[in-house]
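What follows is calculated from the coordinates using simple rules that are stated; it is not laboratory data. Since the structure is predicted, the reported quantities are computational estimates derived from the model, not experimental observations. Counting neighbours? That spans all protein chains shown, and the Cβs are built from the backbone with ideal geometry, glycine included.
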Amino acid sequence: MTEGSHENHERVPSRQRRRFPGISSRAYEHPADRSALVALRKLSGFDTVFKALSGLLPERSLRLLFLSDSVRVSDAQFTHLNDMLRDACYILDLEKVPPMYVTQNPQPNAMCIGLDEPIIVVTTGLVELLDEEEMRAVVGHEVGHALSGHAVYRTILLFLTNLALKVAWIPLGNVAIMAIVTALREWFRKSELSADRAGLLVGQDLQASMRGLMKIAGGNHLHEMNVDAFLAQADEYEKSGDLRDSVLKILNVLPRSHPFTTVRAAELKKWSETRDYQRIMDGHYPRRDEDKDTSVTDSFKESASHYADSVRSSKDPLMKLVNDIAGGAGDLGGKLRDKFTGAAGPKRPGAAGDGATDGSTEPSGSEGTEGPRETGKD
């Protein structure tokens, strides 16, 4: 038994992957993740709620629940997952390997929760859906959550979501809770983009990450799916429709804890092609021992720059309008009217519709012609 255990601990991956000693979570964190967390902490009443819940949440009970009613990953149970978990912690240099449980649930899902120490939970639906390399990316994703310290806020989100359901009948009681829940969800959606990057750093196989997201969206029918077509959906989703569709997108995503899978796939592929990702793979990345010297101001500037670039390059109609407003485009009232109604109003001399001042599309009144005529998308 000792020899077998030793072999499990020393087992090397099926292919060579780069390791990142001392890597800081800043290396892979999405700028929107950091800025959303800053905004969350500034939310009125959040600090009070956080401090109160930190002492009240039944974390011990939660751990006992998984211990008693799920299967703990170890050298004796789900050994392939145990190897992946140790491998992910080795690659991201996470000193303490978090406990991992497999719980019976046909819905493919995974989460990293806990206040004092993180624990990772994966469902049977996910284990049965993904192949080895796809699952490796998921395990790396959850280890990324642990390294970033996301588990604390995720646990509070789960608790408050359940609490909101219980106090929904109390006048105004649910309003205050839902304000914090909404802010937590906005942050958590952004944190998923960070964890996806961590999963790629662990798996170091972009195609496996893409396949995993496709399976989560469309099930175990890879022979019926195509990565390029899947990514094209994300592009179509972003640029399609008018302002009414932009508003619907916001309303659709508000109750979700995760971003849409096509959007996650597109964001991850985009990051994999950046110089930042290549520098990490070459061994140049922020270190944990430098975190204490990190400038908060620089983090704010980076987040602000990211949002500005996102607005400028976005194909979404609402973001285009925001960009026009920031650029001082004329006849904003007319633009709003035309985009929401889908019909152009009467021309007025000197208005933006004359095409003389703002360089935007000509006012044909057609919703379908605006996108292709825009410039500077890339």
*At a Förster radius of 25 Å, what calculated FRET efficiency corresponds to the Cβ-Cβ distance of Thr161 and Asp291, to the nearest 0.05?*
0.25
*Report the calculated FRET efficiency for Ala229 and Thr182 (r = Cβ-Cβ distance, R0 = 35 Å), to the nearest 0.05.*
0.60
*Please list, in chain and number order, the residues 5+ apart from Asp205 or on another chain whose amide H is under 5 Å from its amide H, with Hs placed from the backbone.*
none
_Taking 23 Å as the cut-off for C-alpha to C-alpha distance, list the pairs among Lys190/Lys270; Lys190/Lys215; Lys269/Lys292; Lys96/Lys215; Lys239/Lys269; Lys96/Lys270 that go past it._
Lys269/Lys292; Lys96/Lys215; Lys96/Lys270
*Label-to-label distance, nm, for residues given as Asp131 and Asp116 (7 Å Cα→Cβ offset)*: 4.2 nm
*So what are the ³J(HN,Hα) numbers for the range 208-223, from phi and the Karplus equation (6.51, -1.76, 1.60; θ = phi - 60°), rounded to whole Hz, Gly and Pro as x?*
5, 4, 5, 4, x, 5, 4, 5, 4, 7, x, x, 7, 9, 4, 5
